[in-house]
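Structure record follows, encoded as structure tokens.
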Amino acid sequence: APVGASLFEVAPLPERHTEPHQILSDALEAPHVHQALTELLAPRADRRTVIVVNDATRPTPTGLVLDTLIQRGLLRATATVTGRLRLLIATGAHAAGGPDELAQILGDKNVDLLAPLVRWHDARDAASSVYLGDTPVHTPVWINREVVEADGLILINSVEPHYFAGYTGGRKSLVPGVSGFATIEANHRLALDPTAETLGLDGNPVHEDLMEAAALLPPRPLLSIQTVLDRTHNICAAYAGDLLETFTDAVQAANREYVVDLPHRYDIVVTAAAPPMDYDLYQSHKALENASLAVRPGGALVLVSSCRHGIGDRTFFDLLAASSDPESVLKAVAATYRLGFHKAARLASLAQRHRIMSVTGLSQDTSRAAFLEPFPSLTAALNDAATRLGPNPSILVIPDGCVTVPRVKETT
């Protein structure tokens with residue numbers, strides 16, 4: 001840190017001593033849960049079960065959950081050869097992954113057994129989705145045909161704060177996870193509403209639309225397995241059962257893990273996009289959203305991320321790159337909307353209020369096109385920020401900015 005700076009680092013969350021497999025086993029051993037899993041995973045020719053899991057851009061410990069199901073004798077090799085069990089990767093609007101991503105999702109030791117069951121959701125393949133109707137705000141709901149036609153569903157997800165849906169997890173396995181592109185685009189447009197915010201559920205138009213969309217799915221046996229991770233990505237809580245109940249319980253656990261109370265706002269906030277959210281700029285932007293809650297007006301935000309896969313979705317970046325200033329971005333989004341524009345609008349809004357600096361794997365030209373000032377190192381960025389902000393700036397460091405939500409106690 002610059003000489004004379006007042007450095008505040010977010011304290012590590014409490015260590016967890018319960019072994020993750022045990023946490024999952026405890027969640028799965030309830031009689032009604034065990035019975036549901038036994039029926040859903042039985043190798044029966046008259047039942048088709050689909051297990052929906054997240055893609056590699058999410059920290060969900062899917063492999064560990066599958067390990068636990070296998071170890072407990074619930075997911076057996078015989079169930080994988082009947083052709084009646086499918087493992088659908090909920091990509092949302094993301095592209096399908098390759099062998100490395102599949103191993104990351106399933107766990108290396110599970111690939112040989114489970115890879116033949118895997119299908120990657122493709123939101124842009126209209127023929128693979130079924131129209132179920134519209135939500136009250138006119139979002140057309142298209143859901144993957146495998147999910148709609150399944151006799152039973154198992155949803156494996158994790159719950160963390162989300163900058164416009166309130167929280168990830170739960171209903172997001174279905175929308176946007178296995179939804180058609182038109183569904184995702186219409187729902188994400190609601191992120192432009194100022195009431196779509198981190199930790200917000202009641203009155204959040206994105207969340208409410210997600211719930212309305214999920215409710216259109218035809219009734220059938222559905223078991224939800226929701227996990228909550230600590231800052232080291234170890235499971236600290238798990239819930240199994242009804243979708244709404246498990247999501248609600250996981251939200252409460254997520255608040256205990258991810259929300260950090262602060263005494264005031266800071267001059268400089270350093271926020272790191274920890275793996276897997278350092279996947280690209282599109283994902284890493286979430287670290288800036290959370291960090292903005294802790295920086296004073298006119299202060300500096302410093303994003304640290306490898307952005308190992310570049311910028312991510314081209315739509316949001318192309319809009320930023322074609323705009324001369326943040327105000328131009330906001331005007332363009334107000335005139336027309338495409339999926340990804342919500343991300344561009346929110347980044348532009350942040351750039352209007354704060355100086356955004358970056359230490360990433362992106363080129364300098366790419367960074368500047370996204371209204372990020374590139375620096376070769378964190379030291380260089382901090383020294384530059386401190387020089388501009390004056391002597392003894394206060395500095396907050398958020399080591400896992402995509403899931404750590406600062407909550408400032410002051411009201412001004």
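The values are calculated or read from the model by the stated rules, or taken from the named source; none is laboratory data. Keep in mind that this is a model prediction, so the values were computed, not measured. In this analysis, Cβ positions are derived from the backbone assuming ideal geometry, glycine residues included, and neighbour counts consider all displayed protein chains. Side chains are part of the model used for accessible areas, which takes the heavy atoms of the whole protein and leaves out ligands, DNA and RNA. Shrake-Rupley method; radii C 1.70, N 1.55, O 1.52, S 1.80 Å.
I want the local charge near P194. Using Cβ-Cβ distances under 14 Å, sum +1 for each Lys or Arg and -1 for each Asp or Glu among the other residues.
Counting the neighbours of P194, the net charge comes to 0.
Once the Cα atoms of region 273-412 are picked out, what are the Rg and Dmax in Å?
For region 273-412, the Cα-based Rg and Dmax read 14.6, 44 Å.
Over all alpha-carbon pairs in region 234-296, figure out the percentage whose distance exceeds 16 Å.
Of all Cα-Cα pairs in region 234-296, 62 percent lie more than 16 Å apart.
Okay, helix-only estimate at 222 nm for the chain: each DSSP H run of n ≥ 4 adds -39500 (n - 2.57), divide by all residues, round to 500 deg cm²/dmol; what do you get?
Here the helix-only value at 222 nm equals -10000 deg cm²/dmol.
How many percent of DSSP beta bridges within the chain run antiparallel, rounded to 5?
Bridges in the chain that DSSP calls antiparallel: roughly 25 percent.
Sequence neighbours fewer than 8 away in the same chain don't count; with that in mind, list the lysines whose C-alpha is under 29 Å from K331.
Those lysines meeting the cut-off are K286, K343.
Express in whole angstrom the spacing between the alpha-carbon centres of region 257-321 and region 350-367.
10
List the relative contact order of region 304-395 as a percent without decimals, with contacts defined as Cα pairs under 8 Å and 6+ residues apart.
In percent, rounded to a whole number, it is 29.
Whole-Hz Karplus ³J(HN,Hα) for region 188-199, in order, using 6.51 cos²θ - 1.76 cosθ + 1.60 and θ = phi - 60°, x for Gly and Pro?
5, 4, 5, 5, 6, 6, x, 7, 8, 9, 4, 6
Starting from the Kirkwood Rh over alpha-carbon pairs, what translational D in µm² s⁻¹ does region 190-246 have by Stokes-Einstein at 25 °C and 0.890 mPa s?
181
Over 13 Å, how big is the tail of the calculated P(r) for region 134-178, in percent of all Cα pairs?
The answer is 65 percent, as a whole percent.
What is the sum of charges, Lys and Arg at +1 and Asp and Glu at -1, for the other residues whose Cβ falls under 14 Å from the Cβ of G180?
Neighbourhood net charge equals -3.
Using a 1.4 Å probe, what is the accessible area per residue for the chain, in Å²?
So the chain comes to 41 Å² accessible per residue, rounded to a whole number.
What is the distance in Å between the Cα centroid of region 385-407 and that of region 170-249?
Here the answer is 30 Å between Cα centres.
Roughly what angle does helix 341-353 make with the longest principal axis of the chain, taking Cα atoms, 0 to 90 degrees, to the nearest 10?
Roughly 30 degrees, rounded to the nearest 10.
Hey, can you grab everything whose amide H is under 5 Å from the amide H of Y266? Only 5+ residues off in sequence or another chain; H modelled, so Pro and N-termini drop out.
V295, R296
Amide H of I154 versus every other amide H placed in the peptide plane: which residues, excluding those fewer than 5 positions away on the same chain, fall under 5 Å?
Correct list: V50, I51, V52, L223.
Translational D (Stokes-Einstein, µm²/s) of region 286-325 at 37 °C and 0.692 mPa s when Rh comes from the Kirkwood sum over C-alpha pairs?
267
Counting alpha carbon pairs within less than 8 Å and at least 6 residues apart, what relative contact order, in whole percent, applies to region 91-200?
29
Taking the Cα centre of the chain as origin and charging only Cβ (+1 Lys, Arg; -1 Asp, Glu), how large is the dipole, in debye to the nearest 20?
340
Can you give the relative contact order of region 62-124 as a percent, counting alpha carbon pairs under 8 Å and 6+ residues apart?
47
Can you list residues whose amide H is under 5 Å from V408's amide H, if they're 5+ apart or on another chain and H is modeled 1.01 Å from N?
L262
From the convex hull of the Cα coordinates of region 254-353, what is the mean projected area in square nanometres?
If you wrap the Cα atoms of region 254-353 in a convex hull and average its projections, you get 7.2 nm².
Looking at region 30-92, I'd like the Rg to Rh ratio, where Rg is from alpha-carbon atoms and Rh is Kirkwood's inverse mean 1/r.
0.98
Can you give me the convex hull volume of the Cα atoms of the chain, divided per residue and expressed in Å³?
Output value, Cα hull per residue: 138 Å³.
Please work out, to two decimal places, the log10 of the ratio I(q)/I(0) at q = 0.10 Å⁻¹ from a Debye calculation in which every Cα of region 138-242 carries one identical scatterer.
Normalising to I(0) and taking log10 leaves -0.29.
What are the ³J(HN,Hα) couplings of region 23-34, residue after residue, when phi is run through the Karplus curve with 6.51, -1.76, 1.60 and θ = phi - 60°? Round to Hz, x for glycine and proline.
4, 5, 4, 4, 5, 8, 8, 4, x, 5, 6, 4
Just grab the label-to-label distance for D134 and D108, each label 7 Å out from Cα along the Cβ direction, in nm (one decimal).
Label at D134, label at D108, 5.1 nm between them.
Over the residues of region 312-361, compute the C-alpha Rg and express it relative to 2.2 N^0.38 Å.
1.09
On average, how much area does the Cα convex hull of region 157-304 cover when viewed from any direction, in nm²?
9.6
Pop the C-beta distance of T18 and H264 into the FRET formula with R0 = 35 Å and round what comes out to the nearest 0.05.
0.50
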